[in-house]
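In what follows, a single structure is set out as C-alpha coordinates and then discussed.
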Amino acid sequence: MECRHLVHTIMDLPILARLPDAARERAAALLLEISTQVDLEPGEVLIHEGALSGATGYVLLDGAVEVTREGAESVGLDAPALLGEMQQFSPFAQRTATVTAVEHGRALRFTWSELYARADDVLSGQEVDRLMDGIEACVRERFHAGALEGLPLFRGLSPALNLSASLLLLW
(Lines give C-alpha, C1' and ligand atoms only; values in the text may rest on other atoms or scores of the structure.)
Protein backbone atom coordinates (compact mmCIF):
# COMPACT_ATOMS: atom_id res chain seq x y z
CA MET A 1 0.00 0.00 0.00
CA GLU A 2 2.86 2.41 0.84
CA CYS A 3 4.29 2.05 -2.69
CA ARG A 4 0.93 2.96 -4.26
CA HIS A 5 0.62 6.00 -1.98
CA LEU A 6 4.14 7.14 -2.95
CA VAL A 7 3.36 6.81 -6.66
CA HIS A 8 0.29 9.02 -6.20
CA THR A 9 2.33 11.58 -4.24
CA ILE A 10 4.94 11.69 -7.01
CA MET A 11 2.19 12.03 -9.63
CA ASP A 12 1.34 15.39 -8.04
CA LEU A 13 4.72 16.86 -9.02
CA PRO A 14 4.23 19.86 -11.32
CA ILE A 15 6.89 18.49 -13.71
CA LEU A 16 4.54 15.61 -14.53
CA ALA A 17 1.45 17.78 -15.08
CA ARG A 18 1.92 17.89 -18.87
CA LEU A 19 1.75 14.11 -19.15
CA PRO A 20 -1.44 12.11 -19.71
CA ASP A 21 -2.59 10.23 -16.59
CA ALA A 22 -1.19 6.83 -17.65
CA ALA A 23 2.20 8.34 -18.52
CA ARG A 24 2.23 10.33 -15.26
CA GLU A 25 1.74 7.10 -13.37
CA ARG A 26 4.52 5.33 -15.32
CA ALA A 27 6.89 8.27 -14.78
CA ALA A 28 6.05 8.37 -11.06
CA ALA A 29 6.61 4.61 -10.72
CA LEU A 30 9.93 5.00 -12.56
CA LEU A 31 11.08 7.74 -10.18
CA LEU A 32 10.18 5.53 -7.24
CA GLU A 33 11.95 2.53 -8.77
CA ILE A 34 15.27 4.32 -9.44
CA SER A 35 15.34 6.17 -6.11
CA THR A 36 16.52 5.59 -2.59
CA GLN A 37 14.24 6.89 0.14
CA VAL A 38 15.95 9.14 2.70
CA ASP A 39 14.67 10.57 5.96
CA LEU A 40 15.32 14.25 6.49
CA GLU A 41 16.12 15.97 9.77
CA PRO A 42 15.59 19.70 10.39
CA GLY A 43 18.73 21.57 9.33
CA GLU A 44 19.99 18.76 7.09
CA VAL A 45 21.51 20.07 3.87
CA LEU A 46 20.61 18.08 0.76
CA ILE A 47 22.37 20.29 -1.79
CA HIS A 48 25.22 22.78 -1.29
CA GLU A 49 25.48 25.90 -3.48
CA GLY A 50 28.67 25.77 -5.55
CA ALA A 51 29.13 22.01 -5.20
CA LEU A 52 30.09 20.04 -8.28
CA SER A 53 27.79 17.12 -7.42
CA GLY A 54 25.15 17.61 -10.07
CA ALA A 55 24.35 13.96 -10.71
CA THR A 56 21.72 13.73 -7.96
CA GLY A 57 18.16 14.96 -7.84
CA TYR A 58 15.52 14.66 -5.14
CA VAL A 59 11.77 14.36 -4.91
CA LEU A 60 10.57 15.82 -1.63
CA LEU A 61 7.76 13.51 -0.46
CA ASP A 62 6.98 14.92 2.97
CA GLY A 63 8.07 18.04 4.80
CA ALA A 64 9.47 21.34 3.64
CA VAL A 65 12.82 22.75 2.55
CA GLU A 66 14.37 26.18 2.23
CA VAL A 67 16.26 27.05 -0.94
CA THR A 68 18.90 29.73 -0.44
CA ARG A 69 21.12 31.32 -3.03
CA GLU A 70 23.78 33.96 -2.57
CA GLY A 71 22.37 37.36 -3.47
CA ALA A 72 18.76 36.18 -3.62
CA GLU A 73 15.84 35.83 -1.23
CA SER A 74 15.30 32.37 0.19
CA VAL A 75 12.37 30.32 -1.06
CA GLY A 76 10.39 27.77 0.90
CA LEU A 77 9.11 24.64 -0.83
CA ASP A 78 6.59 22.14 0.51
CA ALA A 79 6.23 18.54 -0.61
CA PRO A 80 5.83 17.28 -3.21
CA ALA A 81 8.64 19.11 -4.98
CA LEU A 82 11.48 18.36 -7.36
CA LEU A 83 14.90 19.43 -6.07
CA GLY A 84 18.22 19.68 -7.87
CA GLU A 85 16.78 20.34 -11.32
CA MET A 86 18.63 23.63 -11.80
CA GLN A 87 21.94 21.78 -12.16
CA GLN A 88 20.62 20.27 -15.37
CA PHE A 89 20.66 23.74 -16.96
CA SER A 90 23.65 25.35 -15.26
CA PRO A 91 26.42 26.27 -17.68
CA PHE A 92 28.89 26.31 -14.80
CA ALA A 93 28.47 22.65 -13.72
CA GLN A 94 27.88 23.78 -10.14
CA ARG A 95 24.92 23.63 -7.81
CA THR A 96 23.09 26.94 -7.95
CA ALA A 97 21.55 26.94 -4.46
CA THR A 98 21.62 25.33 -1.05
CA VAL A 99 18.61 23.20 -0.11
CA THR A 100 18.03 22.63 3.61
CA ALA A 101 15.29 20.65 5.35
CA VAL A 102 13.28 22.88 7.70
CA GLU A 103 11.36 20.04 9.32
CA HIS A 104 11.32 16.26 9.49
CA GLY A 105 10.50 14.80 6.10
CA ARG A 106 11.22 12.19 3.46
CA ALA A 107 12.70 12.43 0.01
CA LEU A 108 13.65 10.20 -2.86
CA ARG A 109 17.26 10.54 -4.08
CA PHE A 110 17.93 9.59 -7.71
CA THR A 111 20.49 10.19 -10.44
CA TRP A 112 19.51 12.31 -13.40
CA SER A 113 21.35 10.05 -15.84
CA GLU A 114 19.32 7.03 -14.76
CA LEU A 115 16.08 9.03 -14.95
CA TYR A 116 16.83 10.13 -18.52
CA ALA A 117 17.98 6.68 -19.64
CA ARG A 118 15.03 4.85 -18.11
CA ALA A 119 12.46 7.46 -19.19
CA ASP A 120 13.23 6.50 -22.78
CA ASP A 121 12.30 2.91 -21.88
CA VAL A 122 8.93 3.61 -20.23
CA LEU A 123 7.67 6.74 -22.00
CA SER A 124 7.04 7.54 -25.64
CA GLY A 125 9.19 10.15 -27.36
CA GLN A 126 6.41 12.71 -27.04
CA GLU A 127 5.97 11.89 -23.34
CA VAL A 128 9.72 12.31 -22.72
CA ASP A 129 9.50 15.71 -24.44
CA ARG A 130 6.62 16.67 -22.14
CA LEU A 131 8.59 15.54 -19.10
CA MET A 132 11.53 17.71 -20.21
CA ASP A 133 9.12 20.60 -20.77
CA GLY A 134 7.89 20.13 -17.20
CA ILE A 135 11.44 20.23 -15.82
CA GLU A 136 12.17 23.37 -17.88
CA ALA A 137 8.96 25.00 -16.63
CA CYS A 138 10.02 24.28 -13.05
CA VAL A 139 13.38 25.96 -13.67
CA ARG A 140 11.72 28.88 -15.44
CA GLU A 141 9.36 29.44 -12.51
CA ARG A 142 11.93 29.09 -9.72
CA PHE A 143 14.43 31.40 -11.40
CA HIS A 144 11.81 33.81 -12.76
CA ALA A 145 13.42 33.34 -16.18
CA GLY A 146 10.22 34.44 -17.90
CA ALA A 147 11.06 38.03 -17.02
CA LEU A 148 14.06 37.90 -19.36
CA GLU A 149 12.63 35.61 -22.04
CA GLY A 150 10.37 38.37 -23.34
CA LEU A 151 13.22 40.76 -24.08
CA PRO A 152 13.69 41.72 -27.76
CA LEU A 153 17.17 40.20 -27.58
CA PHE A 154 15.60 36.75 -27.23
CA ARG A 155 12.87 37.01 -29.88
CA GLY A 156 13.09 34.36 -32.54
CA LEU A 157 15.07 31.92 -30.39
CA SER A 158 13.80 28.40 -29.86
CA PRO A 159 12.22 27.89 -26.41
CA ALA A 160 15.19 25.80 -25.23
CA LEU A 161 17.76 28.33 -26.40
CA ASN A 162 15.66 31.16 -24.96
CA LEU A 163 15.65 29.43 -21.56
CA SER A 164 19.39 28.74 -21.69
CA ALA A 165 20.21 32.34 -22.61
CA SER A 166 17.88 33.71 -19.92
CA LEU A 167 19.38 31.47 -17.24
CA LEU A 168 22.92 32.34 -18.29
CA LEU A 169 22.16 36.04 -17.75
CA LEU A 170 20.47 35.33 -14.43
CA TRP A 171 23.43 33.28 -13.21
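Overview of results
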quantity: Whole-number D in µm²/s for the range 1-114 (Stokes-Einstein; Kirkwood sum over Cα pairs; 4 °C, 1.567 mPa s); calculated: 90
quantity: Linear extension gain, Asp21 paired with Arg109, 0.36 nm per residue minus alpha-carbon span; calculated: 29.3 nm
quantity: For the range 29-34, Karplus couplings with θ = phi - 60° (6.51, -1.76, 1.60), whole Hz, Gly/Pro x; calculated: 4, 4, 4, 5, 5, 8
quantity: Of all accessible heavy-atom area on the range 1-107, the percent that carbon and sulfur account for (1.4 Å); calculated: 51
quantity: Spin-label pair Gln126/Asp78, simplified geometry with 7 Å Cα→Cβ offset, distance in nm; calculated: 3.5
quantity: Net charge of Cβ neighbours under 12 Å - reference Thr98; Lys, Arg +1; Asp, Glu -1; calculated: -2
quantity: Only Lys, Arg (+1) and Asp, Glu (-1) charged, at Cβ; the range 1-41 dipole about Cα centre in debye; calculated: 280
quantity: Chymotrypsin sites (Phe, Trp or Tyr not before Pro) lying in DSSP loop within the range 33-129, provided at most 14 other Cβ fall within 10 Å; calculated: Phe92
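The values are calculated or read from the model by the stated rules, or taken from the named source; none is laboratory data. Computed from a predicted structure; not experimentally measured. All Cβ positions, even for glycine, are placed from backbone atoms using ideal geometry, and neighbour counts span all protein chains on display. We work out accessible area using only protein heavy atoms, side chains counted, and drop any ligands, DNA or RNA first. Shrake-Rupley method; radii C 1.70, N 1.55, O 1.52, S 1.80 Å.
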